[in-house]
Structure formats: C-alpha cells, structure tokens
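Comments concern the structure below.
A short reminder: the numbers here are calculations on the coordinates, not readings from a lab. For clarity, every value in this text was computed on a predicted model and none was experimentally measured. Quick reminder, even Gly has a Cβ in these numbers, built from the backbone with ideal geometry, and neighbours come from all protein chains shown.
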C-alpha cells in the first residue's frame with residue numbers, strides 16, 4: 001500500500017465525526033499538517049474494506065479515546081490545497097458524520113494537540129479548517145431537534 005497523501009494521483013477518501021454531548025460538539029486542534037493547529041473534527045483516511053461509518057468511529061477511538069453512536073452522515077467536505085506553482089498538494093474528500101457521545105473522556109495525542117467541547121457561540125472566533133463552520137451549523141441544528149424529541 002502506498003501513501004500518496006502529498007501530491008496524490010487521485011482524491012483521497014476520509015471520514016470524520018462531530019460528537020454531541022450535552023449540547024456541545026467535540027473539536028480537536030490538528031497536531032499534524034495539513035492545517036496543523038486549526039480546529040477540526042476527529043477523523044482520518046478510509047482503510048480498504050472499511051465503511052465510512054466504521055472509519056469515523058475508529059478514528060474517534062484512535063485519536064481521542066471516545067466511543068460514540070452514529071446518528072448519520074451530514075455532508076461531504078472537500079479539502080483541496082495547491083502549492084505555489086498551482087500543483088495539487090492535497091485533495092481529500094471527507095464524509096462528515098454526526099454522533100452521540102457514549103463513553104470515554106477525550107485525550108490529546110499526536111493527532112489532537114488540544115481538545116474542546118464547544119457551543120455554537122464558542123466557534124465564532126475559533127481557527128477552524130475550511131468548511132467546518134457549515135458542518136457544525138448542521139450538527140447543532142440536529143442536536144437541537146434531537147433534544148426536542
């Protein structure tokens with residue numbers, strides 16, 4: 001298996017998960033490039049034979065030690081980054097999911113250098129990865145509907 005994340009020959013498929021707990025969503029500051037230091041959802045690359053949902057939950061456990069129950073797929077996020085010559089440095093399509101927290105207190109690590117449970121108000125000035133604000137808006141709406149049920 002080759003690792004062609006940098007200057008890939010085709011888009012890379014990944015999955016992430018927005019975990020909801022008591023009206024807050026779990027965000028992590030990325031510990032590695034691309035977008036190092038920016039807040040994002042736990043997630044990572046899909047492995048051969050793994051579903052998008054399985055990837056989202058596996059990455060959540062591996063990155064921060066949390067278990068969750070999926071609610072569903074929210075939306076795709078496309079991350080495309082070009083270098084100074086215009087060549088594609090990164091091209092990742094991320095299937096963002098929503099989930100309810102089940103167990104585990106999140107822990108920092110190499111891929112998650114900071115962890116926050118955030119409200120909608122908390123994200124206004126938070127440095128985030130591209131497209132995350134729209135995903136979070138959808139997940140917060142879903143969380144409100146879920147708590148009203």
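For this structure, a couple of remarks:
- Only Cα pairs under 8 Å and 6+ residues apart enter the sum, and on that basis the relative contact order of the chain stands at 31 percent.
- Cα-derived Rg to Rh of the stretch 78-149, Kirkwood definition: 1.03
- DSSP-defined beta bridges in the chain - what % are antiparallel, rounded to 5: 75
- Semi-axes of the equivalent ellipsoid for the stretch 53-104, computed as √(5λ) from the eigenvalues of its C-alpha gyration tensor and ordered from largest down, come to 29, 13, 7 Å.
- In the chain, the ratio of gyration radius to Kirkwood radius, Rg to Rh, stands at 0.96 when only Cα atoms are counted.
- 0 to 90° range, to nearest 10: angle between helix 52-64 axis and the chain longest Cα axis: 80
- Exposure proxy for 84, 59, 114: other Cβ atoms within 10 Å of each Cβ, ordered fewest to most, give 84, 114, 59.
- Taking 7 Å steps out from each Cα toward its Cβ at residue 118 and residue 67 produces label points 2.8 nm apart.
- For the chain, the longest principal axis of the alpha carbon atoms and the long axis of helix 132-148 meet at an angle near 20°.
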